[in-house]
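Asks: One structure, as C-alpha cells, below. Some questions next.
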Amino acid sequence: MEISVEALREVIARVANLKPKDITLTKLEECLQPVKGVPFPVDENSSDILWKITVQYCTLLTEFADKGLVEKQNHSEESEEVINLHDQSSYLTTIDLVRQFTVQLYLPRVLRGLSKCEIQMMAVVEEQERVRRLTFCVDHFQRLLEKKMLALHPRLADTVIDFIAACYSLSGASLMEKLKQFAFPKDLIFRSLLVIKGSSGLPLELAKVLHIDLLHLTGEPGGFGALCRTLLSVGETSENVPAWQKSEVIAKIVSSKGHTKKFYRQVLTDCFEFYRWAVQAGTEEASTYAATCIECLKRFCLLPAPYRELHVRIEEYFFGNFQELAAPKELIAGCVVQERIALLSNLLECSMAFTGSTFTALPSSLLVPYLNLFLKLSSMLPSTFDEQTHLQSMIIFCLSNRSKSELKQIVTSLLRNQPEGEIGRYLVHPRIICKHDEKEKKYSLQIGPATDGNDLEADNLLPKLVDVLKLSDRNLLLYDVFLILLNHLMTGAWADNSTQQPNRLLDDAEREGLLCDRFHQKYVLIQSLMELINHRHFHFQLYDNPGEILSILTESLTKIIDDSNASDTEGSGTDILEIVLSIFQEFLQRIRDRHEMDGILKLLRRYRKSTSCSDTMAIQIDLLCNEEPTKHGELSESACQNALNLCSDQQPYCKVYGTTLLLKLLKERDPETYVQRHKILILALVNLRDEESYAFLNSVRLLVALCDVLEAEVIDALVKEYLNENNDTDYRLKVGEATVKTVETLGPLAVRYRDTLLNCFLASTRNAVDEFRTSSLSNVGSICRILSYQVHHFFYELFTCIQSIVDTDSYLPARRAAILVLSQLLEGIDNLMDFQEYLLLIYRFLKHIITTDRDDVTKLQAAVALEHLKTKTKDFLQIKPDDLERRMFGRVI
C-alpha cells in the first residue's frame, strides 16, 4: 500500500480543521477523499462503516508518522532531519481526535471517561469483537507513541492515558517492563495509573495489579517526586481534599511496613532531593511539596528499631555538615570547613523541618545532640545574617518540646559546661573560627591556629541561651528556665561535682583551677538570672504568677537561715542569701502586699535579729522589710533603685545619668548601693556593649569606682569577659580597654593580679582576629608600664611571644606593636643584667630586624630597642666597685 505524503498531509489538515462536536461519519468519510481508491487492510464485506473508518484513520496516522512527520532537506544521507511545525500541530490535533473514536470508544465501560472526549459516537459490539478492535487500535497507537517526540508531547496526555488504560484492560497483568519502552513522562504514567485505579467498578484483580505497579514506580528513581506532583498538582482537580490530607496519604503509602529495603532507600533518596528542590524554590506550590516530604520523613522516624538505617540516613542528611564542624577531616590552619552558601542552605532546610507545630515537623529530639553546636554557631556568626533566625527558631523549638526534667538537664549541662548523655554530644571544634568579609557580606568557617586548650571555661553557652530566649516570644519557656536557674542558685546544685569530692586529693594548682571554675559558673548563673529578671517582656509572667518563685525562695531561705543560725558562722549560705536579696529586691518590694510574702518577711526579720547577720545584710533587710510597696511600673523611692532603673533603660542618655548617680552613691558610701554592688557590676558589664561612646566611657568609670568595694571580682569578671570567645570582638576590645583603665586606677597595687592579667593578654596575642592581637599587645605594654615593669618572671615568655609575632604575623600593626612593647620593656625593666642568658638572643633578634625588615617604622623601633639594650649594658659594665659589692651582698658595707 503506497500513499503519497501530500495526500496524507491533506487528510490530516482536513481532520484537524473539524470541530469535535460536529464530527460525524459522513464528515470523516469526506476527509478521506484525497486517499480514495487506496486499498486498506479491512474486510470489504463488513457493513460497519465506523470500523472501516477506524482502520483507515489508524493506518493513515502510522503512515504519516513513518513518512511525513520528519523530512530531510535534500535526498543525501547526511541531510539534517527537519520537523514541519505546521504539520506537527495538525498531526497532534488529528491524533487526539482519532483517539476519541478509536481507542476510547472500545475501552471497557468502567474505563471510559478517564480522559477528555468531545466526539459524540457510540459503538455496540460483542465483547470478543470489542477486544479484537481494541487490540488493533492499540497496536497502531503503539507505533505512534514509540516516537519519542509524540510520547513526550503534552498535547497527547489524554492519548497516553487511554493507551495505558487499553493496555491494562487487554493484558490484566503488570506492564512496567512494557512501559519502559516508551518515553512517557513519569508524572504522566503516575497520573494514568492513579486515574485508572480510581475508576469505580474496576475489577479487583486489575486493581491489585495497578497497586503493585504504582508501588514499583514509586520505588524507582524519581518516582517519589512524580507521585507528589501528581497527587498535589494545584488547580488540576476539582476535589475539595486539603493538601495536608493528600500529604498524609502519600506518607502512609511510602512509609508503611512491608516494602523492600531497596524501595525504602530509593524513596528516601528521592525524598531528600525533592525536599531540597522545594526548599530552594520557595514558591507556594513548592512549600506544599516540602511539607509532604517532612510528613514522609516524620513517618520514617516513627518506624521501629529494625528500620534504624532510615533513621541514620535522615540524621546524616540534616546534620551531616554539622557533624563535620564537630570533627573536621583536616586540622590544617586556614582550611575552609564550610562556606556561607552551604551552611545557609543547610540551616534553611533544617529550619523548615524543625519549626512550626509538632504535628508538622520532625521529632524535636533529633535536635538535642546539636543544641550546644547551634548555640556556639549563633555566637560565632554575624548577628544581622539570616542564619541567626534559623538557629534561634530551632533552639526554641527544641526547648519548647522538652519535658520539665529534660529541660532541667539541658540547662544544667550548659551551666556546668559539661556534656551529659545526648546533650552536648556534638560541639563545634575549638579550632574552628569564623572569617567574616564585611564588604561582600559573606563568611567562611575555617580551621584556626592551634590552641593550648586551657580556656574551656570561656565557652559557657548559657548566656547565649539567655539571649536567644529574650529574643523569642516564648514567655512560658523563659519562665521555666528562670525557675531552673533559681533552683540551682538556691540549692547549689550548679557546682561542679569534682569540687564536692572530699576523698579526692588535689594539689594547689588543681584546687585553684576548680575554684576558678566554680566562680565562673556562679558568675554566669547570677548574670543569667539578672538578665532574665530585668527582661521587660518577662515581667508580665513574673508578676502575674509569683507563687512558684515565692515558694522556692521561702523554702530555700528557711534552710539557709536555719543552717546559718545553727553554725553561727558566715558561709556560702549567707553569700547566697545576699545575692538573692540583691537580685530579687525590686521584685520583692513590688509584691510586698501579697499574703505569700508574709513568710519571707518573717524569715528575714528573724535573720536580722541573729548574730550571724552582717551589717550590709542588715541594711538590705531593713530596706526590704520597712519600705512601702511600689506598684509594678513605678520607680522606687530609693536613690539606688532609681539609678539602677535608669542604667537598665535602653536610651543611652538614661544610662549615662543613671551611671552618674551610681558613681555619686558609691563615693558617698551609700549603704544600699554597697549592698547592690554585685548587681551594679553585672549592669556595668552589660552597658559596656553600648555602641554610644559616652555610655561606654561612663561604664568604664563605674567599673573603676567599683574597685573600691569589689576589687578582685571586677578584675576577674573583666578577664573572663575578655577571654570569652562567645562575645563579639568589638565588645572584647572594649573590655580590654576597661581592664587597663581599672588597673591603672589600682596602680602598683595591681601587682597581686599580675599573673592573671599578663596570662590573659598574652594568650590573646594568638587570636585569629588581627585587630584583637594588636590590642592585646598594646594591653600587655600598658600593664607592664602600670606595674613599673615588675614582670621578671614573664620576661622570657614576653620575648618569645614578641619574637613569634614579628617572625610569623603578616599584620603590620601587630608587628609594630610587638617591637614597641619590647623596646619599652628593655627601657623600663630593672636589673636587666639578671637575664644575661637571653640578652644575646635579643641582640641578634633586633639586629636581624634592622637588617632584613622592609618596614621603616619597625626598623626604627628595633633600633630604639637596641639602643636601650646597649645603654643598660654600658651602665652595668661601668658600675662602681662599691655598688657592685652592695649588689652582690645585698647590703651597704
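Asks: If amide hydrogens are placed 1.01 Å from N in the peptide plane, which non-local residues have theirs closer than 5 Å to the one on residue 432?
Replies: The answer is 448.
Asks: Please compare each pair in 298/329; 720/859; 180/261 to a cut-off of 26 Å on the Cα-Cα distance and tell me which ones are over it.
Replies: Long pairs (Cα-Cα over 26 Å): 298/329; 720/859.
Asks: With angles folded into 0 to 90 degrees, how steeply does helix 386-400 sit against the dominant principal axis of the chain? Use alpha carbons for both and round to 10.
Replies: Helix 386-400 sits roughly 90 degrees off the main axis of the chain.
Asks: Divide by every residue of the chain the summed helix terms, -39500 (n - 2.57) for each DSSP H run of at least 4, and state the resulting mean residue ellipticity at 222 nm, rounded to the nearest 500 deg cm²/dmol.
Replies: -21000 deg cm²/dmol
Asks: For segment 329-453, just say rounded, prolate or oblate: build the C-alpha gyration tensor, square-root its eigenvalues into a ≥ b ≥ c, call rounded for a/c under 1.5, and beyond that prolate if a/b exceeds b/c, oblate if not.
Replies: Details: a/c = 2.32, a/b = 1.35, b/c = 1.72.
It comes out oblate by the Cα gyration axes.
Asks: Tell me, what % of the accessible area of the chain is carbon and sulfur with a 1.4 angstrom probe?
Replies: Values: 22160 of 43360 Å².
The C+S portion of the solvent-accessible surface of the chain is 51 percent.
Asks: Continuing with the same structure: For segment 789-892, rounded, prolate or oblate, judged on the Cα gyration tensor with a ≥ b ≥ c (square roots of eigenvalues), a/c < 1.5 rounded, else prolate if a/b > b/c? Intermediate results must be reported in sequence, preceding the final value.
Replies: Details: a/c = 2.87, a/b = 2.09, b/c = 1.38.
The shape class here is prolate.
Asks: In sequence order, what are the phi-derived ³J(HN,Hα) couplings for segment 524-534 according to the Karplus relation 6.51 cos²θ - 1.76 cosθ + 1.60 with θ = phi - 60°, rounded to whole Hz, with x for glycine and proline?
Replies: 5, 4, 5, 4, 5, 4, 4, 5, 5, 6, 8
Asks: Taking the Cα centre of the chain as the origin, how large is its charge dipole in debye, to the nearest 20, when only Lys and Arg (+1) and Asp and Glu (-1) carry charge on their Cβ atoms?
Replies: 800 debye
Asks: Among the GluC sites (Glu not before Pro) in segment 266-336, which ones are in a DSSP loop with at most 15 other Cβ atoms within 10 Å of the Cβ? Mind listing them? Mind dumping the intermediate values first?
Replies: Values: sites: 273, 284, 285, 295, 309, 315, 316, 324, 330; in loops: 330.
Here the sparse-neighbourhood loop sites are 330.
Asks: Using only the alpha-carbon atoms, how far is helix 729-746 inclined from the longest principal axis of the chain? Give it as 0 to 90 degrees, nearest 10.
Replies: 10 degrees
Asks: While we're looking at this one, here's another question. Provide the per-residue ³J(HN,Hα) series for segment 370-383, in order, calculated from phi with Karplus coefficients 6.51, -1.76, 1.60 and θ = phi - 60°, each as a whole number of Hz, with x at glycine and proline positions.
Replies: Karplus-based 3J(HN,Hα) across segment 370-383 equals 9, 5, 4, 5, 5, 5, 5, 4, 4, 7, 8, 7, x, 6 Hz.
Asks: Residue farthest toward the positive end of the dipole of the chain, with Cβ of Lys/Arg at +1 and Asp/Glu at -1: which of 221, 395, 534?
Replies: After comparing all options, I get 221.
Asks: Still on this structure, I have one more. Using a 1.4 Å probe, what is the accessible area per residue for the chain, in Å²?
Replies: Heavy-atom accessible area per residue stands at 49 Å².
Asks: For mean projected area of the Cα convex hull in nm², pick the label among [x] 43.1; [y] 34.8; [z] 58.4 that corresponds to the value derived from the coordinates.
Replies: Given [x] 43.1; [y] 34.8; [z] 58.4, the structure-derived one carries the label [z].
Asks: As I understand it, the dipole of the chain uses +1 on the Cβ of Lys and Arg and -1 on the Cβ of Asp and Glu, about the Cα centre. Which of 693, 481, 287 lies farthest toward its positive end?
Replies: 287
Asks: On to the next question. What residues have an amide H closer than 5 Å to that of residue 337, excluding those fewer than 5 places away on the same chain, when H is modeled at 1.01 Å from N in the peptide plane?
Replies: Under 5 Å from the amide H of residue 337 lie the amide H atoms of 445, 446, 447, each far enough along the sequence or on another chain.
Asks: Here's another thing I want to ask about it. Quick check: net charge around residue 269, other residues with Cβ under 13 Å of its Cβ, Lys/Arg +1 and Asp/Glu -1? Before the final figure, lay out each step's value.
Replies: Numbers: positive: 261, 262, 265, 276, 313; negative: 220, 270, 273, 309, 316.
Net charge around residue 269: 0.
Asks: What's the ranking of 841-851, 14-24 by average number of surrounding C-beta atoms within 10 Å, highest first?
Replies: Final packing ranking: 841-851, 14-24.
Asks: Counting Lys and Arg as +1 and Asp and Glu as -1, each charge on the Cβ, what is the dipole of segment 789-892 about the Cα centre in debye, to the nearest 20? Could you put the intermediate results ahead of the total?
Replies: Details: 13 positive and 15 negative charges, 40 e Å.
Once rounded to the nearest 20, the dipole reads 200 debye.
Asks: Next question, about the same structure. Using a simple charge model, +1 on the beta-carbon of Lys and Arg, -1 on the beta-carbon of Asp and Glu, nothing else, what dipole does segment 307-375 show about its Cα centre, in debye to the nearest 20?
Replies: 100 debye
Asks: Then there is this: Check residue 592: other-chain or 5+ apart residues with amide H under 5 Å from its amide H, H built from backbone geometry?
Replies: Amide H neighbours of residue 592, under 5 Å, 5+ apart: 630.
Asks: Positive end of the dipole of segment 732-779, charges at C-beta (+1 Lys, Arg; -1 Asp, Glu), about the Cα centre: which of 751, 779, 764 has its Cα farthest in that direction?
Replies: 751
The values are calculated or read from the model by the stated rules, or taken from the named source; none is laboratory data. Just so we're clear, the structure is a prediction, and the values are computed from it rather than from any experiment. Neighbour counts are summed over all protein chains in view; Cβ atoms, including those assigned to glycine, are modelled from backbone coordinates with ideal geometry. Surface accessibility is based on the protein's heavy atoms, side chains included, excluding ligands, DNA and RNA. Shrake-Rupley method; radii C 1.70, N 1.55, O 1.52, S 1.80 Å.
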